[in-house]
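See structure below.
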Amino acid sequence: MNKARLFFIVFTAVLALVLGISPAMAQKQKPILIGFMGNLSAPFSLSAQAAAKLAVEEINEDGGILGREVKLISEDTKGEIPKGIEVYKKLVMHKRVDAVVVAEKVEMAVAGMQIGAELFREFPHVMFSTIGSGDSIWHHVRDDYERFKFGFQTYYFVSSHYLEILGGQILPDFFKNKVGATKIAIIYEDMDWTKPLRQGLPGVFPSLGEIYKSKGLDVVYEQTISLDQKVFSTLFEDIAESGAEVIDGVVGYIDQASFIKQWAQSSARDIPWFFWGGLAGMPMAWDMTGGMIAGGSIGSSFVRVPITEKTIPFMDNMTEKYKVGPIFGSHTTYDTLFGYKKALEQAGETGDVEKIIKQLENVRETAVLGTIGWDPKNHYNIPYPEYITPIVQWQDAQMVPVLPENIATGKFMQPEELRK
């Protein structure tokens, strides 16, 4: 036990004697501290931060958690792993937070899990990764539960779900039955989260291309591109020559504005595309591309459709109160904090982290995008159809939901039709 912790215990006991309250009551009056860490110069982390602030505000307006106020402590990682490790230590060791929200790339969350495992025994806490989608996070829990059980992953899909659900179920249906395409060109960005999709998971899943082939789709072109790439003209010429009928863009971080503008002026301009995430799923994409995005599709949670009773109020409150639109990572951050609240209430206390972890493994709570909850063995978010990301197509300056059917507000149209 270090000196700071010993001092805190003695101080609490003395305070209890002076004020005539029990140590347990003194503990109860302390706020629940939630640490938020992200790249606060990046739109996705800023949106997630606003969502965390909104959740904390609403929780406190409703009486807090078990009668305790909730406070949010935000720290900037600047997108740098060494800085992120420093921030994680600060939040856990010095700020003494009860939970850490990592609203950034998967590599940052993995680094957090590593340092968190070293600190957990002396500084019990839980960690939530609300943006990272790579499998490295939940693999830690699966492979060494006792060491990494404090870590939970809340993004829409983990990479293996991308293969099993998005690549294996949703997109084959979308490409064949909505787009009318069976010949696919796949473009991957060179990042950690796309590795399982490019290479497969040995002994678990084949690659995305192989999955498509098993679903009756003909992969006529595959290419991996760098995040630094700005010129795509040769890429589009090769895709057009391949005979592809749709472009599957396994991307989220490339320069999508440049990609889209060059696509719209290339010989591949009549070949529709689907992106897995990023700028194309945000309202500003229309203006940023001068409307050239028309005909493109993407999985986007930035559409005004009532997936649950929480969806529309969340979107309106984010925009009204924080002047920030909800983009990827914001919904999952907001939903995570309400899932955490539910787990604490089910545990009936806030001090026993082991008990809280067990409740997190069983919690199910109505969320913005469906139902929030975590797999009891692997600690990833319960995926589609429990947690939903609509597929939308850009039509007349609007993102129109075209899948799933129960929330669709329009039908898919070919790019050439939309340019008339």
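The values are calculated or read from the model by the stated rules, or taken from the named source; none is laboratory data. Since we're looking at a predicted model, the values are computed, not measured. Cβ: placed from backbone, ideal geometry, glycine included. Neighbour counts: every protein chain shown.
Values computed for the structure shown
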| item | result |
| --- | --- |
| Residues of the stretch 56-77 that turn out to be more than 15 Å from VAL100 (Cβ to Cβ) and either touching a Ser or Thr at 6+ places or on another chain (Cβ under 7 Å) or buried (at least 19 other Cβ atoms within 10 Å of the Cβ) (or both), as a count | 4 |
| The listed residue being of a type in the set (A, V, I, L, M) and farther than 28 Å from ALA48 by Cα, out of VAL141, VAL231, VAL158 | VAL231 |
| Criterion: buried (at least 17 other Cβ atoms within 10 Å of the Cβ), outside the structural domain of LEU344 (by TED's automatic domain parsing) and either modelled with pLDDT of 95 or more or among the β-branched types (Val, Ile, Thr) (or both) - qualifying residue of VAL368, VAL400 | VAL400 |
| Output for the stretch 65-91, where each listed residue is under 19 Å from ASN39 (Cβ atoms) and aliphatic (A, V, I, L, M) | LEU72, ILE73, ILE81, ILE85, VAL87, LEU91 |
| Residue among LEU360, LEU279 that is buried (at least 17 other Cβ atoms within 10 Å of the Cβ) and assigned by TED's automatic domain parsing to the domain that holds PHE123 | LEU360 |
| Subset of the stretch 273-284 [closer than 21 Å to ALA185 by Cβ and touching a strand residue (DSSP E or B) at 6+ places or on another chain (Cβ under 8 Å)] | TRP273, PHE274, PHE275, TRP276, GLY277, GLY278, ALA280, GLY281 |
| Residue within the stretch 53-62 that is at pLDDT below 95 and either outside the structural domain of LYS341 (by TED's automatic domain parsing) or not hydrophobic (A, V, I, L, M, F, W, C) (or both) present | no |
| Odd one out for PHE174, checked against (1) in contact with a Gly (Cβ under 9 Å, 6 or more places away or on another chain); (2) surrounded by 16 or more Cβ atoms within 10 Å (Cβ to Cβ); (3) of a type outside the set (Gly, Ala, Ser) | (1) |
| Any hit, the stretch 151-164, residues being under 18 Å from TYR88 (Cβ atoms), within 16 Å of the chain's Cα centre (by Cα) and hydrophobic (A, V, I, L, M, F, W, C) | yes |
| Among residues of the stretch 388-405, those that are hydrophobic (A, V, I, L, M, F, W, C) and more than 19 Å from the chain's Cα centre (by Cα), counted | 6 |
| Subset of the stretch 100-128 [of a type in the set (Asp, Glu) and touching a residue at least 24 places away in the same chain (Cβ under 8 Å)] | GLU104, GLU107, GLU122 |
| Some residue of the stretch 288-303 being buried (at least 21 other Cβ atoms within 10 Å of the Cβ), assigned by TED's automatic domain parsing to the domain that holds VAL400 and free of Cβ contacts under 8 Å to residues at least 24 places away in the same chain | no |
| Every residue from the stretch 371-387 that is closer than 17 Å to LYS341 by Cα, under 14 Å from the mean Cα position of the chain (by Cα) and part of a strand (DSSP E or B) | ILE372, TRP374, ASN381 |
| Helices (runs of 4 or more DSSP H) within the stretch 207-322 that include 3 or more residues aliphatic (A, V, I, L, M) and over 29 Å from LYS420 (Cα atoms) | 311-322 |
| Options TRP394, TRP374; residue that is over 23 Å from ALA285 (Cα atoms) and at pLDDT 95 or above | TRP374 |
| Qualifying residue in the stretch 264-272 (condition: in contact (Cβ under 8 Å) with a residue 60 or more places away in the chain, among the aliphatic types (A, V, I, L, M), under 12 Å from VAL368 (Cβ atoms) and in contact with a strand residue (DSSP E or B) (Cβ under 9 Å, 6 or more places away or on another chain)) | no |
| Count of residues meeting criterion [crowded, with 16+ Cβ neighbours inside 10 Å, in contact with a Ser or Thr (Cβ under 8 Å, 6 or more places away or on another chain) and of a type in the set (Val, Ile, Thr)] in the stretch 196-228 | 1 |
| Lone unmet requirement of (1) farther than 28 Å from LYS261 by Cβ; (2) under 20 Å from the mean Cα position of the chain (by Cα) for SER297 | (1) |
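Residues checked against (1) touching a Leu at 6+ places or on another chain (Cβ under 7 Å); (2) more than 30 Å from ASP248 (Cα to Cα):
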{"position": "ILE85", "(1), (2)": "no, yes"}
{"position": "ALA99", "(1), (2)": "no, yes"}
{"position": "MET108", "(1), (2)": "no, no"}
{"position": "PRO124", "(1), (2)": "no, yes"}
{"position": "GLY134", "(1), (2)": "no, no"}
{"position": "VAL141", "(1), (2)": "no, yes"}
{"position": "ASP144", "(1), (2)": "no, yes"}
{"position": "LYS149", "(1), (2)": "no, yes"}
{"position": "TYR162", "(1), (2)": "yes, no"}
